[in-house]
Amino acid sequence: MEFVKTLRDVTISYADKAAAKAAEIRALDSDRNNYVQSAYMDKRRVLVKEQEDILIEGRRSILDIVDTYKQLLKERYQAKGSAVTDDVKLFDGQIPLTPGDLEALVDKYTQADNMTMLRMIFDYTHKNDIHIDRAFYTEQTRAQTADALGETMCGALTSDMTAALVKKDDFFWSNIVADALKGE
């Protein structure tokens, strides 16, 4: 999925547009002595309205991306009988599965994006009190994390510092994206 990349790209695009409009407003403000007061105020009002429109459109676009991602999550996490593979036979207790066996299965089905099998594997580990070195993020966890990231990106539209970090600081970006969304 391209959710995180798309969210970052859209945020940067709208943050750039908002910053450019803010620069126009600052330029007008610094040059206000060259205008009649009413002409200056009219021009400034138009620029401020354009900036507000950019911020509203940017926020709407960011939240639309988050909502679309959450809809896709519902589809991905819906149990599908056709997604059950022969590996399910391993869970019948004929042979004991080691944490290594289960981690290999998690890796296999994570790569295949098979949420049905992943849910079955993690249910098996939970029922049998087997601890493995892999995480399973539920639909709800990913949706809540996407909401939080979306709100942070909306905040970047009005914060020059956050916008600069989102644009140019890959270290910041890699740390702001929660593990539940890495690779999404």
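The values are calculated or read from the model by the stated rules, or taken from the named source; none is laboratory data. What you see is a predicted model; the values in this text were computed from it and never measured. Because the Cβ atoms are built from the backbone with ideal geometry, glycine has one as well, and the counts that use them run over all protein chains shown. These accessible areas exclude ligands, DNA and RNA; they are computed on the full protein's heavy atoms, side chains included. Shrake-Rupley method; radii C 1.70, N 1.55, O 1.52, S 1.80 Å.
Applying the selection to region 98-126, what residues are hydroxyl-bearing (S, T, Y), over 20 Å from T141 (Cβ atoms) and assigned to a helix (DSSP H, G or I)?
none
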Determine whether D107 is at negative phi and either of a type in the set (S, T, N, Q) or at pLDDT below 95 (or both). no
Would you confirm whether any residue within region 46-54 is of a type in the set (V, I, T) and open to solvent by 60 Å² or more (accessible area, probe 1.4 Å)? yes
Could you please find all residues in region 164-179 being surrounded by 12 or more Cβ atoms within 10 Å (Cβ to Cβ) and either of a type in the set (S, T, Y) or not in a helix (DSSP H, G or I) (or both)? D169, V177, A178
Which ones in region 133-163 are open to solvent by 50 Å² or more (accessible area, probe 1.4 Å) and of a type in the set (A, V, I, L, M)? A135, A148, M161
Within the set of pairs 6 or more residues apart or between chains, which connect a residue that is over 13 Å from Y69 (Cα atoms) and at pLDDT below 95 inside region 128-143 to a residue that is open to solvent by less than 60 Å² (accessible area, probe 1.4 Å) and β-branched (V, I, T) with Cβ atoms less than 7 Å apart? R134/V106
Filtered residue count, region 55-97, keeping only those that are open to solvent by less than 100 Å² (accessible area, probe 1.4 Å), in a helix (DSSP H, G or I), free of Cβ contacts under 8 Å to residues at least 40 places away in the same chain and not polar (S, T, N, Q): 10
